[in-house]
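The values are calculated or read from the model by the stated rules, or taken from the named source; none is laboratory data. Bear in mind the structure is a predicted one, so any value in this text is a computation, not a measurement. Positions of Cβ are backbone-derived with ideal geometry, glycine not excepted, and every protein chain shown enters the neighbour counts.
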Amino acid sequence: MSSIDSAFLIAVFRRAADRLEAERQALCALDGEIGDGDHGTSMANGFAAINDHLRGMARQEATPAAVLRDAASTFLAEVGATVGPLYATAFLHGARLLEAGDLDRQQIGRLVVAMADGIKARGQAELGDKTMIDVWYPAGHAAIAAAAEGGSPAEVARALRMAAEQARETTVTMIAARGRASRLKERSLGHLDPGGASAAIILAAIADTLASAA
């Protein structure tokens with residue numbers, strides 16, 4: 001079984017950066033409905049900066065934990081909005097997990113949950129608060145369950161992607177309790193959470209990288 005190595009993570013960041021750039025305006029439009037309208041810019045710029053920083057690293061001897069630590073510092077330096085510290089902490093939590101030992105790609109759900117733990121710890125959000133963790137956690141746990149059932153990497157990837165897509169849609173039914181959207185209270189109901197939407201894009205990039213490497 002192949003491990004989650006530097007090349008795998010760099011490929012994830014490259015794919016995520018491309019997709020976030022493609023969805024920049026759509027994410028900004030979503031954020032404009034319940035926030036300040038800059039989420040797409042923050043995410044696209046932040047992941048582009050990570051991708052630029054990591055370019056060529058697959059040919060070096062960087063550990064996967066070092067890749068995530070570099071991603072954390074780069075994203076935080078590029079993104080001054082609230083989302084900057086959230087994703088920086090997510091990457092740092094992921095780095096700590098990888099420092100504890102090699103992780104098979106089939107166990108990608110453990111890395112996803114570790115990153116969700118970082119976002120939760122930094123943002124103090126709970127499940128159901130209409131935030132990105134409402135997408136990160138279900139996707140991670142679905143991947144863990146698929147792996148526990150003996151699923152192949154491709155099956156784990158499919159479970160991860162499907163759960164992320166379904167969880168993204170459930171944010172429409174939630175009332176925001178964190179962030180700028182919380183000021184709208186019940187008026188946030190019926191709107192897709194932009195953080196959940198961008199999370200689903202990133203998680204799909206993880207799933208597709210896993211599937212393509214299987």
| Could we say that A16 is under 20 Å from V112 (Cβ atoms) and either touching a Lys or Arg at 6+ places or on another chain (Cβ under 7 Å) or buried (at least 22 other Cβ atoms within 10 Å of the Cβ) (or both) here? | yes
| task | Go through the range 116-150 and give me each residue that's at positive phi and surrounded by fewer than 22 Cβ atoms within 10 Å (Cβ to Cβ). | result | Q124, G128, G150
| Residue check, A29 out of contact with any strand residue (DSSP E or B) (no Cβ under 6 Å at 6 or more places or on another chain), over 14 Å from S198 (Cβ atoms) and either surrounded by 16 or more Cβ atoms within 10 Å (Cβ to Cβ) or at pLDDT 90 or above (or both) | no
| task | Quickly run through the range 75-107 and pick out the residues that are among the hydroxyl-bearing types (S, T, Y) and surrounded by 19 or more Cβ atoms within 10 Å (Cβ to Cβ). | result | Y87, T89
| query | Taking the range 82-127 only, how many residues are closer than 20 Å to A145 by Cβ and either of a type outside the set (A, V, I, L, M, F, W, C) or in contact with a Pro (Cβ under 7 Å, 6 or more places away or on another chain) (or both)? | reply | 9
| remark: Within the range 144-196, the residues that are more than 20 Å from R110 (Cβ to Cβ), at pLDDT 70 or above and under 18 Å from the mean Cα position of the chain (by Cα) are E165, Q166, R168, E169, T170, T171, L192, D193, P194, G195, G196
| Filter result for E61 (in a helix (DSSP H, G or I), acidic (D, E) and more than 17 Å from the chain's Cα centre (by Cα)) | no
| field | the range 32-65 - residue that is of a type in the set (D, E) and either under 20 Å from L92 (Cβ atoms) or free of Cβ contacts under 8 Å to residues at least 60 places away in the same chain (or both) and, of those, surrounded by the most Cβ atoms within 10 Å (Cβ to Cβ) | value | D38
